[in-house]
Amino acid sequence: MRYLIVSDLHANLEALNAVLEQAAGAWDRAICCGDLVGYGADPNAMVDWARTTCQAVVRGNHDRASTGQDDLEWFNPVARAAALWTLQTLTPENAGYIRELPRGPLLVEGFQVVHGSPFDEDEYVIAANEASNAFHYLENRLAFFGHTHVQGGFIWNQSRVETILRPPADAEFEVMDIDAECAYMINPGSVGQPRDGDPRAAYALFDSDAKQVTYCRTEYDVATAQRKIHIAGLPPILADRLLVGR
């Protein structure tokens, strides 16, 4: 089976459309590691896509916050403003869909899907020592996670945990073979708001038969995404950061 793995779409329709165009014909099922909404100006289009296309979706912290499930006092002012705008903008059907999303880890045909970490959906797994703890909670040797907006992940090679760095800034694709003797936590990166210094939309493809993960990046129409953010009256910094990938 060939999977499209996405995370942290954050209501950026232009980024999602570019991902779907580049990945056309390369996947059979779509999986989302959370945060469909928040920050961007197209929350309903994003949820519509997930409802009709994704085999499995776990909730993210912005999904909860943007549907009234979390106390927004823990959010910074920019994220809070975006969550409130999204709450007012989502259709009742789409808000209801998000509220019913499961908390990870979610088992999907031999691998797990989480938003943050397997023991805390809001945990940021950024460094190898943090991943080392997370590996103890996995039920399978392969998991996909998001939340950090940083493409890459971690590999446990039976002796230590090492960081998987994102592909070079001039690469569109990078293939990694999955070793059955190792364990992996794979971050596909963020579709809608990358924070690893590369502003291109990020995602991954997983071929369960070939035992390969392909990290992918694609350019998208940033200017249109920015313009929509400004028209919606969302905080301008949400548009500005799309250009720099931070």
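The values are calculated or read from the model by the stated rules, or taken from the named source; none is laboratory data. Remember, predicted model here, so these are calculated numbers, not experimental data. A quick note on method: Cβ atoms are made from the backbone with ideal geometry, for glycine too, and the neighbour counts reach across all protein chains shown. Heavy atoms of the whole protein, side chains included, go into the accessibility calculation; ligands, DNA and RNA do not. Shrake-Rupley method; radii C 1.70, N 1.55, O 1.52, S 1.80 Å.
Of the residues making up segment 170-197, those that are in a loop (DSSP other than H, G, I, E, B), more than 18 Å from residue 148 (Cβ to Cβ) and touching a Lys or Arg at 6+ places or on another chain (Cβ under 9 Å) are 171, 172, 178, 179, 180, 181, 182.
Close contacts from segment 159-175, counting a first residue that is farther than 19 Å from residue 126 by Cα and modelled with pLDDT of 95 or more and a second that is open to solvent by 60 Å² or more (accessible area, probe 1.4 Å) and in a strand (DSSP E or B), with Cβ to Cβ under 8 Å and a gap of 6+ residues or different chains, come to 175/212. Checking the structure you have, find out if any residue of segment 127-144 is within 22 Å of residue 187 (Cβ to Cβ), in a loop (DSSP other than H, G, I, E, B) and touching a residue at least 60 places away in the same chain (Cβ under 8 Å). Taking every residue of segment 127-144 in turn, none turns out to be within 22 Å of residue 187 (Cβ to Cβ), in a loop (DSSP other than H, G, I, E, B) and touching a residue at least 60 places away in the same chain (Cβ under 8 Å).
Output the residues belonging to segment 52-74 that are farther than 20 Å from residue 109 by Cα and surrounded by fewer than 21 Cβ atoms within 10 Å (Cβ to Cβ). Before the answer, list the steps.
First, pick out the residues of segment 52-74 that are farther than 20 Å from residue 109 by Cα: 60-74.
Once the filter is applied, which keeps residues that are farther than 20 Å from residue 109 by Cα and surrounded by fewer than 21 Cβ atoms within 10 Å (Cβ to Cβ), segment 52-74 yields 68, 69, 70, 71, 72, 73, 74.
The residues of segment 149-182 that are touching a helix residue (DSSP H, G or I) at 6+ places or on another chain (Cβ under 6 Å) and crowded, with 17+ Cβ neighbours inside 10 Å, listed by number, are 154, 156, 161.
Scanning segment 109-148 for residues that are of a type in the set (A, V, I, L, M) and open to solvent by less than 20 Å² (accessible area, probe 1.4 Å) yields 113, 114, 125, 131, 134, 142, 143. Among the residues of segment 214-226, the ones that are in contact (Cβ under 8 Å) with a residue 12 or more places away in the chain and part of a helix (DSSP H, G or I) come to 4 in all.
All of 45, 26, 11 fail the test of being among the hydrophobic types (A, V, I, L, M, F, W, C), assigned to a loop (DSSP other than H, G, I, E, B) and open to solvent by 10 Å² or more (accessible area, probe 1.4 Å), apart from 26.
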